[in-house]
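Notes for the one structure printed next.
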Amino acid sequence: MQTKTSIAQSAVDALKWEVNFTPKPGLVDALSNGSHDDMDLNLFLKSADSLLPGFQRIAEVSFNRNIDVALREDIGAIGRDTEADMFKATDGINTHKGAIWTMELLISAISSVQTGDIEQILLSAQKLAQLPDKFVPQTAKKTHGMATKKKYALSGARGEAQNGFPNIRRVLNYSRNVDDLWLRRLMLLYSNVNDTNIVYRSNLKVLKTLQSISNEIFVSSTPVIENSKFIELEKFVS
């Protein structure tokens with residue numbers, strides 16, 4: 001079983017792995033800023049490093065704790081502090097707000113139940129996500145995702161967690177003996193995630209088109225990187 005420190009470091013390492021994973025059409029990766037003119041690889045790496053102290057605090061406060069409202073409120077407070085650390089490191093740019101929400105739940109679940117069993121971790125994190133936190137500021141600044149979720153009734157990162165991380169489950173359940181496994185898993189995510197950032201920057205029709213193209217790439221027998229639809233996707237989200 002991982003230590004409290006290693007759980008937090010693993011979360012940061014995962015975020016660094018994700019941003020370095022290339023190519024990711026429309027997203028920041030090692031070769032491109034995607035559709036973002038205010039973010040790049042170095043900013044994401046700096047942002048990820050800024051999250052380590054907060055993630056460590058979450059692992060420590062959650063250690064062998066019951067999954068209850070008190071724990072939810074404790075990690076919520078730390079999560080808000082961690083967001084502040086992120087914004088300080090990025091000069092106000094929102095690089096990892098959604099990731100902080102997801103990671104705080106997963107880190108807390110792992111440290112609380114002391115297991116490496118994915119199913120138990122996801123169930124415990126889901127339970128945490130469904131619990132109320134009366135200390136969430138009601139006058140908090142509305143993010144792009146919050147505005148879009150309200151307009152289009154999309155669930156976003158919060159709904160993903162409260163529904164038991166269905167897209168994480170899809171990715172983990174998809175396993176093939178192929179060289180481009182993680183690219184296919186990425187296409188699987190693109191096909192199913194209702195990305196509120198995409199909708200905010202464009203509209204719901206654009207999201208549906210992106211999902212449709214991504215699904216065609218995912219189900220194709222052609223290697224992802226050689227697929228003409230993949231080139232079309234890169235142009236579509238650039």
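A short reminder: the numbers here are calculations on the coordinates, not readings from a lab. Here the structure is a predicted model, which means the values were calculated and not measured. Cβ: placed from backbone, ideal geometry, glycine included. Neighbour counts: every protein chain shown.
Model label points for Asn203 and Gln9, set 7 angstrom from Cα along the Cα-to-Cβ axis, are 5.0 nm apart. Protection proxy ranking of 215-224, 189-198, by the mean of other Cβ atoms within 10 Å over each peptide's residues and highest first, is 189-198, 215-224.
The stretch between Ser228 and Gln130, if pulled fully straight at 0.36 nm per residue, gains 31.1 nm over its current Cα-Cα span.
Compared with the direct C-alpha span, the chain from Asn20 to Arg169 gains 51.4 nm at full extension, assuming 0.36 nm per residue. At full extension, Asn177 and Ser220 could sit 14.0 nm farther apart than now, given 0.36 nm per residue minus the alpha carbon distance.
Helix 4-20 and the longest principal axis of the C-alpha atoms of the chain enclose an angle of approximately 20°. Placing +1 on each Lys and Arg Cβ and -1 on each Asp and Glu Cβ, with no other charges, gives the chain a dipole about its Cα centre of roughly 800 debye. The mean sequence separation of alpha-carbon pairs under 8 Å and at least six residues apart, normalised by the residue count of the chain, gives a relative contact order of 17 percent. Packing-based ranking of 98-104, 124-130, 205-211, 175-181 yields 98-104, 124-130, 205-211, 175-181, ordered from highest to lowest mean Cβ neighbour count within 10 Å. Helix 181-192 and the longest principal axis of the Cα set of the chain meet at an angle near 80°. So which of Lys88/Lys127; Lys16/Lys229; Lys46/Lys134; Lys88/Lys205; Lys205/Lys229 end up more than 25 Å apart, counting from Cα to Cα? Result: Lys88/Lys127; Lys16/Lys229; Lys46/Lys134; Lys88/Lys205 exceed 25 Å. The angle between the Cα long axis of helix 52-62 and the longest principal axis of the Cα atoms of the chain comes to about 50 degrees, rounded to the nearest 10.
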